[in-house]
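Read-outs: derived from the displayed coordinates by stated rules, not from any lab. Since this is a predicted model, take the numbers as computed values, not measurements. Note: ideal-geometry Cβ built from the backbone for every residue, glycine included; neighbour counts use all protein chains shown.
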Amino acid sequence: MKSICIKATGFRRIIVALLAIMICIMPYAVSSADGTPAFVDDAGLCSEDEVQEINTRLDGLCNKYNMKFAIVTVDDMGYKSPMVFSDDYYDEHFINDYPDGVVFMVCMGTRDMYLSTAGYGITAFTDAGISAFNDRVAEYLSAGDYYEAFDEFVSLADDYVTKALEGNPYDVDNLPKEPFDFFGSLIIALVAGLLFGIVYVCNLKSKLKSVGYSKGATSYVAPGSFKLADSRDIYLYSTVSKTARPKDTGSSSGYRGGSSTHRSSSGHSHGGGGRKF
Amino acid sequence: MSDIIEYKCPQCGGSIEFDSGTQKMKCPYCDAEFEIEALKQFDEDIKNTEGNDMTWDSAMGAEWTAEDREKVTVLVCDNCGGEVVGDATMAASSCPYCDSPIIVKGAIGGELKPDYVIPFKLDKKAAIEGLKKHFMGKKLLPKAFKDENHLEEIKGVYVPFWLFSASSNANVRYKATKLHTWSDSNYIYTQKKFFSCYRSGSIAFENIPEDGSSKMPDDLMESLEPFYFKDAVDFQTAYLSGYLADKYDVAEEECVDRANLRIKQSTEQEFAGTVKGYSSVVAEDSNISFEHAEAKYALYPVWLLNTTWNGQKFVFAMNGQTGKFVGDLPMDKSLRNKYFLLSSGIAAAVVMLVQFLLWMI
């Protein structure tokens, strides 16, 4: 009896210990049933505080939209393509609890970034929207500003879903706003100002000048004296020049926006897109 | 084939040969092909538009009568040597060119007497008003220049003009082009078709004024144009009273070239109005022959103000018939810089704001 008690106590201890370890290892597993936190930084790109903060914000979004927003960073994808790796990651960890969601994958080994979408995520993140997202975030990743990249993901994801819920998801003709390019605009403004100043002052200068030879003597043509007696137009020759036509880009001709989807190995439908950074 | 004519290629100027394959004339240098008939006509048109026959009958030239000589005196300026003609009763006056006093030299000599005169239609008051208006709205005009000007010194001067009238026959040849563009999936093609357009007809010019005074800048006088001959009357010495008149010292023959050039320009321009349906029309050559061409001598009314400012001479003139005011003005460089900085700054700020607003939308 005693031994059983001891055994039982030991078992309980083990359970408690295991639980304690689990809680220590995954302190931020707030909303995932299988315990995977929203932000898994296997590549170690952010500090602990940063990871915690981003997790909190991702979970906030999760509660707000009842959709999963996840980030995963890895050093290598184990011979999988970015698409397959990201799709599988989402299917494995989140799809059962959150059929709607998006995962942002960053692989440092191959310098790949990929956004995999599922359910309503496919609607909110159109192909054009994903492409715009990738371009924007790749700038941060390339510069090594990883926290800023993930911070941007959180803000953009919020923005994308809000837009989609309004019935107007970001797409080909409705892309998210680039941040205001202050210096670029300033250069344009200065050049335009300079040109305007030159034209304006030249105009003022020309007002000072009123003397010049007159061309012809049109004011002195005797009224009604002009008579045409003969006229003949002869075609002589012609020249043909050709200039290359600007090539139609895919987006302007056939592409009409929306989201394209594919099926992952587990049979779930995903959207997505990625690039190198 | 006795009459073999060598044609020149209208495109490159090379000698053209007959191409038996296409039954056309072909330029061996630039590969252009031509219809034989077109080349024949083109050659004819070139011959028709070569050379000019622009000779003038000189002015009839009545001389001053004895009666006139009593009423008119010649005044001479000690400073610049300018000779002007004035009413015999005229009191001491100053030179319209350099503002120095002028003195009576004596009676008028054997020069030609003007055939016509356009009497002053606008008085000194109007001239001063005209000058004030001329200064208005000129943002870069130095303030001191406006204030320091002696408006009162503006003088009415009869300026001698040769008036050229001619009726003429003209043949003009234009090079005209038509553009046609089309495209396939890879290229945009632009075809430029060249035409030779021949026009012939008649046109007459009446009383083109050419300034006959060497003291008057020719460009200043042409800027005063047009003068309307309808107001001209036969010259009488009475019109001189109160005004000075310049004597011509540029002979009619010396003004002919300028008159001919203006007639040629205007003729080509008038006939060009009948070359329609082309994207560009340029006069290549023209032949003008006068049927009846004569020059007259007339005095036209001009209000004149000569000033110097910062060591630079400025001349202002007003057409005494129409009130047209001309004369180049000095520029205030610091004002120019100020306006440049100000306008550039405002424009830059506006462009910046517009960019920001566009980004906001």
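Under the definition of partner shielding as Cβ atoms of other protein chains within 10 Å of a residue Cβ, what is the mean value for peptide B:263-276?
The shielding value for this peptide is 3.
Using a Debye calculation, one point per C-alpha and no hydration shell, please list log10 I(q)/I(0) for region A:47-151 at q = 0.18 Å⁻¹ in order.
For region A:47-151 at q = 0.18 Å⁻¹, log10 I(q)/I(0) is -0.92.
Once the Cβ-Cβ distance between A:ASP49 and A:ILE187 is put in as r, and R0 is 35 Å, what FRET efficiency do you end up with, to the nearest 0.05?
Using R0 = 35 Å, I get an efficiency of 0.35.
Can you tell me the equivalent ellipsoid semi-axes for the protein assembly as shown? Use √(5λ) from the Cα gyration tensor, largest first, whole Å.
89, 40, 16
Fewest to most neighbouring Cβ within 10 Å: what's the order for B:VAL72, A:VAL102, A:VAL137? Provide the component values of the computation, followed by the final result.
Details: B:VAL72 19, A:VAL102 33, A:VAL137 24.
Ranked by crowding around the Cβ, least crowded first: B:VAL72, A:VAL137, A:VAL102.
Find how many whole Å separate the alpha carbon centroid of region B:288-361 from the alpha carbon centroid of region B:207-235.
That distance is 22 Å.
Given only helices, namely DSSP H runs of n ≥ 4 each adding -39500 (n - 2.57), what is the per-residue ellipticity at 222 nm of the protein assembly as shown, to the nearest 500 deg cm²/dmol?
Helix-only estimate at 222 nm: -11000 deg cm²/dmol.
List the residues whose amide H sits under 5 Å from the amide H of A:ALA217, counting only those 5 or more places along or on another chain, with H placed 1.01 Å from N in the peptide plane.
Excluding prolines and chain starts, which carry no amide H, the hits are B:SER266.
Which entries of B:LYS146/B:LYS247; A:LYS215/B:LYS121; B:LYS133/B:LYS296; B:LYS40/B:LYS175; B:LYS143/B:LYS313; B:LYS133/B:LYS155 have Cα-Cα distances beyond 23 Å here? Don't skip to the answer; put the middle values down first.
Values: B:LYS146/B:LYS247 32 Å; A:LYS215/B:LYS121 26 Å; B:LYS133/B:LYS296 34 Å; B:LYS40/B:LYS175 16 Å; B:LYS143/B:LYS313 17 Å; B:LYS133/B:LYS155 17 Å.
Result: B:LYS146/B:LYS247; A:LYS215/B:LYS121; B:LYS133/B:LYS296 exceed 23 Å.
Note the angle between two axes, namely the Cα long axis of helix B:252-272 and the longest principal axis of the Cα atoms of chain B, as a number of degrees from 0 to 90, rounded to the nearest 10.
So the inclination is approximately 40 degrees.
I'd like the orientation of helix B:124-135 relative to chain B: the angle between its Cα long axis and the longest Cα principal axis, in ° from 0 to 90, rounded to 10.
Here the helix axis deviates by roughly 50 degrees.
Which of B:CYS197, B:CYS27, B:CYS95 moves the most in a Gaussian network model of chain B with Cα springs under 10 Å?
Largest GNM mean-square fluctuation: B:CYS27.
Which value in Å is the Kirkwood Rh of region B:77-199 over different Cα pairs?
Working: mean 1/r = 0.0466 Å⁻¹.
Hydrodynamic radius (Kirkwood, Cα only) of region B:77-199 equals 21.5 Å.
First check a/c for chain B, with a ≥ b ≥ c the square roots of the eigenvalues of its C-alpha gyration tensor; if it is under 1.5, answer rounded, and if not, answer prolate when a/b is larger than b/c or oblate otherwise.
Verdict is oblate for chain B.
Within 10 Å of each Cβ of A:177-190, how many other protein chain Cβ atoms are there on average?
Across A:177-190, the average partner-chain Cβ count within 10 Å equals 3.
Determine the distance separating the Cα centre of region B:244-268 from the Cα centre of region A:101-127; give it in Å without decimals.
When both Cα centres are located, 83 Å separates them.
Any number yet on Rg/Rh for region A:49-90, C-alpha, Kirkwood?
Value, to two decimals: 1.07.
Run the quick spin-label model on B:TYR228 and A:SER219: label points 7 Å from Cα toward the beta carbon, then report their separation in nm to one decimal.
Going by the 7 Å Cα→Cβ label model, 1.1 nm.
In region B:1-48, what is the volume of the convex hull around the alpha carbon atoms, normalised per residue and reported in Å³?
75
Over all alpha-carbon pairs in region B:178-220, figure out the percentage whose distance exceeds 15 Å.
Above the 15 Å cut-off, region B:178-220 has 73 percent of its Cα pairs.
I want to check the label-to-label distance for B:LEU357 and B:LYS146. Put each point 7 Å from Cα in the C-beta direction and report it in nm to one decimal.
3.3
So what's the net charge close to B:ASP78: Lys and Arg +1, Asp and Glu -1, counting the other residues with Cβ under 14 Å from its Cβ?
-1
Would you order B:ILE128, A:ILE187 from fewest to most other beta-carbon atoms within 10 Å of each residue's own beta-carbon?
By the 10 Å Cβ count, ascending: A:ILE187, B:ILE128.
Sort A:ARG136, B:ARG173, B:ARG199 so the one with the fewest other Cβ atoms within 10 Å of its own Cβ comes first. Walk me through the intermediate numbers first.
On the way: A:ARG136 16, B:ARG173 24, B:ARG199 27.
Neighbour counts put them in this order, fewest first: A:ARG136, B:ARG173, B:ARG199.
I'd like to know how region A:102-259 sits against the 2.2 N^0.38 Å rule of thumb: what's its Cα Rg over that expected value?
After normalising by residue count via 2.2 N^0.38 Å, the value is 2.00.
Between B:GLU6 and B:THR177, how many nm apart are label points set 7 Å from Cα along the C-beta direction?
2.9
At a 10 angstrom cut-off on C-beta neighbours, averaged per residue, how do the peptides B:273-282, A:115-124 rank from highest to lowest?
Working: B:273-282: 13.8, A:115-124: 24.7.
Listed from highest to lowest mean packing, they are A:115-124, B:273-282.
Against the longest principal axis of chain B, how steep is helix B:333-360, in degrees 0 to 90 to the nearest 10, with axes from Cα atoms?
Around 40 degrees separate the two axes.
To make sure I understand the rule: partners must be aspartates and glutamates, Cα under 16 Å from the Cα of A:LYS242, and not fewer than 8 residues away in the same chain. Which ones qualify?
Within reach: B:ASP184.
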